[in-house]
Amino acid sequence: MSIISKDIQQAAKLLSNDQLVAIPTETVYGLAGNIYSEKAVKLIFETKKRPFFNPLIVHIPSIDALESIVSHIPEKARLLADAFWPGSMTMVLKKQTCIPDLITAGKNTVAVRVPKHPITLELLKALSFPLAAPSANPFGSISPTKPEHVERYFKDTIGQVLDGGPCANGIESTIIGFEGNEPVIYRLGALAIEDIEAVVGKVAIRNKKEISPDAPGMLDRHYAPTTQTFLTDNISEVIRIHGGKRIGILVFKTEVNDASVTSQIILSKEGDLSEAASKLYDAMHDLDRQELDLIIAEQFPDYGLGKSINDRLKRATFRS
Ligand code: TXA
Ligand code: MG
């Protein structure tokens, strides 16, 4: 029997009983548990096979709940929350003492966001506790943007995937930390840097080693298909090098005309970066299931969501 269901009350019941439920958000599906249940939070790490030193994002129903999670809200954090919540932005702020160490991996900061999905907002409002939710994929693999992706990963280990359809934005939230009272980008994501800068002025992008070498979204190899994947700005050249193999192609807007290509996905024929981002992981899941010898992905333009897509593609292709 499928574990995919639209039953919000069942989800609330499972979560109130220390169980896990995969929840829809506008970015990707999350693997959710009660932040105050040690049992549920441990189960999140176990189910994902995620190392305990990697902290989780706390999901709250509204900006009003922020003060119960964080102890200090810098002026620019307030501006960002007002501008983008509910939405695809996570902020890392000083935590309240009530936030368990398991959630924050012992740090004195906590990552928090108000997701923008009507079903999950309804669920969060019905619960008396916030939800910890990392992306609902095994550690290091491609994040899920459809209920079926989660079901394939976890049908034997979790009780329910709360069905909210395909995720509208399709890549993870943009994570913003603070140095003193100044925002800095920790992880590129579904909210474009240009939109953030329109609200708070120029922001720096910190590379992973400056923040935390072990943060999973920041690892060199992450979001990765099992099929060997290449990222290039010269697809024909890489096709030529791998002649005779079963090749899958992932491109932005322009079809590659080459008879030796086995499978090809065009992310947005109109050249719309939001559409491309929303389809990216589904295309990666799809190509990864076709028993190809390799996947060749095209480099995106380096602005707006193109920057975030390139970040994910780079990590998908990294081989150490
Ligand atoms: O869109 C999203 O953000 C999705 C949905 C489900 O909300 N969640 C998600 O969670 O992508 P996850 O666990 O896959 O990525 C969370 C990232 C990790 O890289 C983690 O290291 C970082 O957030 N993080 C969490 N708490 C942090 C903290 N206190 N300081 C720095 N980084 C933190
Ligand atoms: Mg993740």
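The values are calculated or read from the model by the stated rules, or taken from the named source; none is laboratory data. Model, not experiment: these values are computed from the prediction. Positions of Cβ are backbone-derived with ideal geometry, glycine not excepted, and every protein chain shown enters the neighbour counts.
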Report summary line: Checked region 23-35 for anything aliphatic (A, V, I, L, M), within 16 Å of ligand 2 (Cβ to nearest atom) and within 11 Å of A132 (Cα to Cα); matches are I23, L31, A32
Report summary line: When restricted to V92, V161, V70, the only residue touching a strand residue (DSSP E or B) at 6+ places or on another chain (Cβ under 6 Å) and over 19 Å from N34 (Cβ atoms) is V92
Report task. State whether one or more residues within region 181-189 are modelled with pLDDT of 95 or more, away from ligand 1 (no atom under 12 Å from the Cβ) and either over 16 Å from Y223 (Cα atoms) or touching a Leu at 6+ places or on another chain (Cβ under 7 Å) (or both). Result -> yes
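A quick yes/no check of all residues on (1) more than 20 Å from the chain's Cα centre (by Cα); (2) closer than 12 Å to A132 by Cβ; (3) not assigned by TED's automatic domain parsing to the domain that holds S308:
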residue: S37; (1), (2), (3): yes, yes, yes
residue: P55; (1), (2), (3): no, yes, yes
residue: L66; (1), (2), (3): yes, no, yes
residue: D82; (1), (2), (3): yes, no, yes
residue: K95; (1), (2), (3): yes, no, yes
residue: C98; (1), (2), (3): yes, no, yes
residue: V112; (1), (2), (3): no, yes, yes
residue: P118; (1), (2), (3): no, no, yes
Query raised in the report: Among the residues of region 123-134, is there at least one that is near ligand 1 (Cβ under 10 Å from one of its atoms), part of a strand (DSSP E or B) and farther than 29 Å from D288 by Cα?
Result: yes
Report summary line: Taking region 236-281 and keeping residues more than 26 Å from E172 (Cβ to Cβ) and part of a helix (DSSP H, G or I) leaves S236, E237, V238, I239, R240, I241
Query raised in the report: Can we say A136 is surrounded by 23 or more Cβ atoms within 10 Å (Cβ to Cβ), within 14 Å of ligand 2 (Cβ to nearest atom) and over 19 Å from Y186 (Cβ atoms)?
Result: yes
Query raised in the report: Could you list, in sequence order, the residues of region 41-74 that are among the hydrophobic types (A, V, I, L, M, F, W, C), without any contact (Cβ under 8 Å) to a residue 60 or more places away in the chain and under 29 Å from S141 (Cβ atoms)?
Result: L43, F45, F52
Query raised in the report: If a residue has to be within 14 Å of L287 (Cα to Cα), at pLDDT 95 or above and either over 25 Å from the mean Cα position of the chain (by Cα) or of a type in the set (G, A, S) (or both) to count, how many in region 220-256 make the cut?
Result: 3
Requested in this report: Give the number of residues within region 12-36 that are part of a loop (DSSP other than H, G, I, E, B) and either within 16 Å of ligand 1 (Cβ to nearest atom) or over 23 Å from S68 (Cβ atoms) (or both).
Outcome: 9
**Report entry** Residue in region 101-116 that is in a loop (DSSP other than H, G, I, E, B), free of Cβ contacts under 8 Å to residues at least 40 places away in the same chain, in contact with a helix residue (DSSP H, G or I) (Cβ under 8 Å, 6 or more places away or on another chain) and aliphatic (A, V, I, L, M) present
**Finding:** no
Query - Output for region 222-249, where each listed residue is in contact (Cβ under 8 Å) with a residue 60 or more places away in the chain, more than 16 Å from ligand 2 (Cβ to nearest atom) and not aromatic (F, W, Y) - result: T226, T227, Q228, T229, L231, T232, D233, I235
